[in-house]
Amino acid sequence: MIADRITEKLNILADAAKYDVSCASSGSKRKNENKGLGNASNGICHSYTEDGRCVSLLKILLTNHCIFDCAYCVSRKNNDIKRAAFTVQEVVDLTINFYRRNYIEGLFLSSGIFKDADYTMERLVRIAKKLRTEHNFNGYIHLKSIPGASDELMREAGMYADRLSVNLEMPTEAGLKLLAPDKNRQDMIDPMNFLKNEIILRTEEKKLFKKAPLFAPAGQSTQVIIGATPESDQQVLQSANYFYKNFNLKRVYYSGYVPVLADKRLPALNTTVPMVRENRLYQADWLMRFYGFNVNEIVNNEQPLLDLDIDPKLSWAIRNMQAFPIDINKADIQLILRVPGIGMLSAQKIVSARKFAKLSLDQLKKIGVAINRARYFIVCKSNEFERRDLTGQNIKQFILAESQSKYIRNTQSQLSLF
Amino acid sequence: MYTLVYDGTFEGLLTAVFEIYERKLFHVKLIKGEWRSTAMFEEVVPVVTDDERANRVLAGLRKKLSRAGIQRLYIAHMAEMENEENAIVGFIRYVFDSDQNIEEDYGNKYVMRLSEIIKMVRREKHRMEAFVRFQKLKDETFYSAVEPDFNVLPLLIRHFKSRYADQKWIIYDIKRGYGIYYDLHDTQYISLDFTDVKNAGNVITAFSEDEGIYQHLWKNYFTSVNIVARKNTKLHLRHIPKRYWRHLTEKI
Ligand code: SF4
């Protein structure tokens with residue numbers, strides 16, 4: 001039966017695509033035109049996997065046939081697995097029917113490389129084109145750019161897709177050489193560069209002519225795999241920073257390596273997925289993009305690895321006690337954002353509320369500040385803020401003790417012996 | 001302490017505020033319900049909704065709040081959260097008792113509470129935008145049953161209308177017994193007559209032919225994308241609390 005065949009393909013090709021972690025469907029501003037189907041703006045997570053990741057797009061490979069042999073990839077040429085390939089129409093039907101039922105925000109289409117880069121890319125583009133032109137589909141489309149695809153195809157891809165991405169895969173060139181001998185970093189950087197320039201050009205055009213067509217309105221992103229090669233967090237974040245700065249990337253995704261293959265170049269199969277590290281990298285990335293931190297403040301030669309016990313902002317704060325305390329009722333928002341336990345929304349609320357009256361610890365708590373962390377770094381109207389002259393190490397001990405054993409009283413006085 | 005009993009409408013609530021000021025009732029509690037003259041142990045004041053009085057209060061609010069501020073007040077009340085009327089009335093009184101616009105005075109407990117209420121309502125609205133699962137019926141209408149914690153259906157119209165402009169759809173709140181129907185042009189409120197309310201969530205007899213196939217494919221997709229090595233049930237449940245599961249195709 002046809003349904004069974006599609007089900008089998010879907011199982012194989014969704015399974016093969018799932019290790020690509022980027023799932024964002026936001027950042028576009030495609031409107032629903034002429035009463036068509038869908039729009040794309042603030043991406044919605046329609047569901048969550050049992051591992052807690054957002055399901056927002058139909059994320060599949062067009063095919064898992066591949067001529068390359070990247071060590072970390074389940075679809076590699078020499079891996080003995082079931083292969084499958086969708087037809088263009090099958091992908092279109094799945095997307096439209098899932099979308100109409102409000103299962104998804106759109107399509108994230110990637111592919112193994114069959115024949116060559118252009119041949120593969122051309123298929124991906126054809127699907128996006130069909131969705132846009134034949135089905136008046138305005139939902140989100142993310143296409144993976146195949147490394148080495150021609151500028152011409154990349155340009156066409158940008159006309160139909162909201163986002164394009166080339167995965168760097170490994171944080172450094174050396175790592176890539178080791179694990180993906182068929183790939184070369186320049187082949188990844190070229191399309192990125194092309195897209196960057198094209199996006200700048202088209203944005204200028206759009207300013208002049210409102211009617212100019214959209215070109216990859218959600219920009220480009222990339223993914224690096226963490227923990228398959230021995231790069232430090234400093235190397236990972238430096239490289240992310242470089243790509244943010246030089247290629248106007250919207251997002252860098254960090255994907256903790258899931259050991260799926262036995263290979264002497266890779267961590268053993270029983271290695272656990274570095275989920276805490278991955279989370280810390282995202283937090284650090286967040287600090288660089290929204291909290292005004294410079295990458296060197298987070299990781300540097302003295303501190304090449306992120307602290308796994310505590311978040312990178314707290315880690316920075318206890319290394320820089322000279323920057324505190326910060327007066328909540330007076331300080332600039334940029335400084336308030338640097339206080340551990342104060343997020344973007346709380347910082348904005350603080351700045352609004354303090355115009356009416358000075359804020360106390362209690363009020364800060366209500367506003368949403370995590371007092372157990374923030375109190376060591378601030379002064380406010382109350383008298384209860386920390387007055388002892390604590391070292392960064394003391395503070396870390398206190399905070400860790402509190403968060404691990406909330407139910408044991410008096411831990412604090414015991415720990416102060418250290 | 002006076003207890004004011006009002007009819008649950010926004011106009012009723014504004015009328016109550018009018019009474020509070022006119023009769024100088026400073027310690028009050030507002031409850032929704034029908035006034036019964038037998039409940040005479042405390043001082044109970046029935047509020048008779050009066051559009052003119054309500055409008056006068058609204059006009060007063062307009063002078064002291066931004067448009068968005070008024071809208072937030074309206075949404076907070078519409079959500080029908082239990083026992084939150086008093087926070088809303090407290091907020092309104094704080095507005096009238098201050099000389100300046102106090103919308104952002106988060107140090108004040110009423111302003112903060114209102115902002116929390118709005119946050120909860122927004123989250124519920126977002127959840128509905130995410131968790132609606134349409135089922136295609138034979139007549140090509142896409143039907144979905146939901147049971148939101150708060151009354152948020154009216155807030156969903158804009159999103160679904162602009163997204164699904166080319167298909168007919170119904171989103172039905174089983175808990176509150178009403179829904180929105182979009183007929184390719186406009187939306188209207190409807191109430192459906194289910195002989196057995198339990199069936200409202202599943203109208204399988206009226207499914208289109210391919211509905212079963214796509215539900216099956218979606219469930220398969222959902223299972224395929226899971227990475228067992230990363231299992232994290234706590235996080236999963238925080239994102240999709242169990243009470244939403246019964247209307248999620250992939251979770252049934
Ligand atoms: S080219 Fe892509 S699909 Fe092919 S083996 Fe490498 S990572 Fe896997």
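Could you list all residues from segment A:289-309 that are of a type in the set (Val, Ile, Thr) and either in a loop (DSSP other than H, G, I, E, B) or buried (at least 22 other Cβ atoms within 10 Å of the Cβ) (or both)?
Going through segment A:289-309, the residues of a type in the set (Val, Ile, Thr) turn out to be A:295, A:298-299.
Within segment A:289-309, A:298, A:299 meet the criteria.
Anything in segment A:248-288 that is within 11 Å of the chain's Cα centre (by Cα), in a helix (DSSP H, G or I) and more than 13 Å from chain B (Cβ to nearest Cβ)? List them, or say none.
A:281, A:282, A:283, A:285, A:286
How about segment B:216-246: which of its residues are of a type in the set (Val, Ile, Thr) and at the interface with chain A (Cβ under 7 Å from one of its Cβ atoms)?
Of everything in segment B:216-246, those that are of a type in the set (Val, Ile, Thr) and at the interface with chain A (Cβ under 7 Å from one of its Cβ atoms) turn out to be B:225, B:227, B:233, B:240.
Just wondering, is there one or more residues in segment A:310-324 that are surrounded by 15 or more Cβ atoms within 10 Å (Cβ to Cβ), outside any loop (DSSP other than H, G, I, E, B) and of a type in the set (Gly, Ala, Ser)?
Within segment A:310-324, one or more residues are surrounded by 15 or more Cβ atoms within 10 Å (Cβ to Cβ), outside any loop (DSSP other than H, G, I, E, B) and of a type in the set (Gly, Ala, Ser).
Take segment A:36-55 and flag every residue that is assigned to a loop (DSSP other than H, G, I, E, B) and free of Cβ contacts under 8 Å to residues at least 60 places away in the same chain.
Our first condition is that a residue be assigned to a loop (DSSP other than H, G, I, E, B); within segment A:36-55, this holds for A:36, A:38-39, A:41-46, A:49-53.
A:41, A:42, A:45, A:46, A:49, A:50, A:51, A:52, A:53 - these are the residues of segment A:36-55 that are assigned to a loop (DSSP other than H, G, I, E, B) and free of Cβ contacts under 8 Å to residues at least 60 places away in the same chain.
Identify, please: which residue in segment A:117-129 is more than 16 Å from the ligand (Cβ to nearest atom) and out of contact with any strand residue (DSSP E or B) (no Cβ under 9 Å at 6 or more places or on another chain) and is, among those, most open to solvent (accessible area, probe 1.4 Å)?
Narrowing segment A:117-129 to residues more than 16 Å from the ligand (Cβ to nearest atom): A:122, A:125-129.
Those still in the list that are out of contact with any strand residue (DSSP E or B) (no Cβ under 9 Å at 6 or more places or on another chain) too: A:122, A:126, A:129.
On the way: A:122: 67, A:126: 101, A:129: 82 Å².
So, considering only residues that are more than 16 Å from the ligand (Cβ to nearest atom) and out of contact with any strand residue (DSSP E or B) (no Cβ under 9 Å at 6 or more places or on another chain), the one most open to solvent (accessible area, probe 1.4 Å) is A:126.
Being among the hydrophobic types (A, V, I, L, M, F, W, C), within 14 Å of chain B (Cβ to nearest Cβ) and either away from the ligand (no atom under 11 Å from the Cβ) or surrounded by fewer than 19 Cβ atoms within 10 Å (Cβ to Cβ) (or both) is the requirement here; does residue A:68 meet it? Before you say what the answer is, go through the steps one by one.
Details: among the hydrophobic types (A, V, I, L, M, F, W, C): yes; within 14 Å of chain B (Cβ to nearest Cβ): no; either away from the ligand (no atom under 11 Å from the Cβ) or surrounded by fewer than 19 Cβ atoms within 10 Å (Cβ to Cβ) (or both): yes.
No, not satisfied.
Hey, does segment A:49-56 have a residue that's farther than 29 Å from residue A:229 by Cβ, within 8 Å of chain B (Cβ to nearest Cβ), open to solvent by less than 20 Å² (accessible area, probe 1.4 Å) and away from the ligand (no atom under 11 Å from the Cβ)?
No - not one qualifying residue is present in segment A:49-56.
Considering each residue of segment A:85-103, count those that are assigned to a loop (DSSP other than H, G, I, E, B) and either free of Cβ contacts under 8 Å to residues at least 60 places away in the same chain or within 13 Å of the ligand (Cβ to nearest atom) (or both), and give that number. Full working, then the answer.
Keep residues of segment A:85-103 that are assigned to a loop (DSSP other than H, G, I, E, B), which gives A:86-87, A:101-103.
Subset that is either free of Cβ contacts under 8 Å to residues at least 60 places away in the same chain or within 13 Å of the ligand (Cβ to nearest atom) (or both): A:87, A:101-103.
Final tally of qualifying residues: 4.
Given the conditions (1) more than 14 Å from chain B (Cβ to nearest Cβ); (2) within 29 Å of residue B:185 (Cα to Cα), which single one is not true for residue A:33?
Looking at each condition in turn, residue A:33 falls short on (1).
Could you grab me the full set of residues in segment B:134-174 that are at the interface with chain A (Cβ under 10 Å from one of its Cβ atoms), open to solvent by 20 Å² or more (accessible area, probe 1.4 Å) and of a type in the set (Lys, Arg)?
Selection gives B:136, B:161.
Where in segment B:1-120 are there helices (runs of 4 or more DSSP H), lying wholly inside it, with at least 1 residues that are basic (Lys, Arg)?
Details: elements: B:10-22, B:51-64, B:67-78, B:85-97.
Result: B:51-64, B:67-78, B:85-97.
Look through A:77, A:82 and report the one residue that is within 16 Å of the ligand (Cβ to nearest atom), basic (Lys, Arg), without any contact (Cβ under 8 Å) to a residue 24 or more places away in the chain and more than 10 Å from chain B (Cβ to nearest Cβ). Lay out the reasoning, then the answer.
Working: A:82 fails: without any contact (Cβ under 8 Å) to a residue 24 or more places away in the chain.
Result of the check over A:77, A:82: A:77.
Picking from A:108, A:114, which residue would you name as being among the hydrophobic types (A, V, I, L, M, F, W, C), closer than 30 Å to residue B:144 by Cβ and within 16 Å of the ligand (Cβ to nearest atom)? Quick ask: steps written out before the conclusion?
Numbers: A:114 fails: closer than 30 Å to residue B:144 by Cβ.
Being among the hydrophobic types (A, V, I, L, M, F, W, C), closer than 30 Å to residue B:144 by Cβ and within 16 Å of the ligand (Cβ to nearest atom) holds for just one of A:108, A:114, which is A:108.
The values are calculated or read from the model by the stated rules, or taken from the named source; none is laboratory data. Model, not experiment: these values are computed from the prediction. Virtual Cβ from ideal backbone geometry, glycine too; neighbours counted across all protein chains shown. In case anyone asks, the SASA skips ligands and DNA or RNA and just uses the protein heavy atoms, side chains included. Shrake-Rupley method; radii C 1.70, N 1.55, O 1.52, S 1.80 Å.
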